[in-house]
Amino acid sequence: MDDPGLKRQREPGTGSSMLSLVAALLMAGCAWQEPSAGRALATPNEPQPIRPPAIGQQWVYQVRDLYTGRVVDRLTETVLAVSPEVTISRLSDKYGVLPSEVQRPWGRYAQDAQWDRPLQFGVPAPAWPDGMGAASWSGEYRIGGLSDYRYPWSQTLRPLQWELVKVAAGTFETLHYTVHIVYAGPEDYYYVGSERDASVWLAPRVGRWVLRRARGVHYVPGHGGDDLDDAMQWELVSWR
């Protein structure tokens, strides 16, 4: 559920075998892992520092529907403020101005805006791995601008390997890691149990990911089983 209007964009007869595989993996509780996007690199001896945020930094992404293979949007993210929290504006060619991302401090989501509606965490959630060890985190979130009701959230960040990845914006040394999220809510969707899996290629010198793919599934009472959510890719096309 990463951006407005980008949910469950299935078409009859399109990718049925892939959909079945995605559903089977997620229902079995297995985190989805995309294959390597580039050439494996040796793990650095020292942790790679993430480029610190600065006002005016910008990343532009091409958004692709993985079910249909079509490019469906272009997303521009720009750093507007770095103190007392990092605020990143988000502009969609298709939907216009989207809710901002807020990190407090850098590397922790106070507001994660990659969803249909922004998620606000009482205790900021990790945005990327800290080192090469897998780490789990649990907390609560609420839907920004709606109510103060809080829903449970649990995520595991699992670093896989360093990779040299080529995308539209260039070639970058990246940390390939996965994110597995289990959450509940919101009430108007009547979600009882939902899961979201992402494969991410984070480039420290860019200060953000250069490639991200995410898929989801959720259970709605009365629907007779799990419903597939969207399957999307974000590829960096330019940055500054």
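None of the figures in this text is laboratory data; all of them are computed from the coordinates on show. All values reported here derive from a predicted model rather than from experimental measurement. For neighbour counting, all protein chains shown are included, and Cβ atoms are generated from backbone atoms with ideal geometry for every residue, glycine included.
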Got a sec? Which residues in region 65-84 would a label at D93 touch, if it sits 7 Å along Cα→Cβ and we count backbone N under 15 Å? 65, 70-77
Would you kindly state how much longer the chain becomes between S36 and Q58 on full extension, computed as 0.36 nm times their sequence separation minus their alpha carbon distance, in nm to one decimal? 5.4 nm
Starting from the amide H of D73, placed 1.01 Å from N in the peptide plane, find each other amide H under 5 Å away whose residue is 5 or more places distant or on another chain. V63
Out of the GluC sites (Glu not before Pro) in region 86-191, which ones are loop residues according to DSSP with at most 13 other C-beta atoms within 10 Å? E187
Among I55, I50, what is the fewest-to-most ranking by other Cβ atoms within 10 Å? I55, I50
Order by neighbour count: R104, R196, fewest other Cβ atoms within 10 Å first, most last. R104, R196
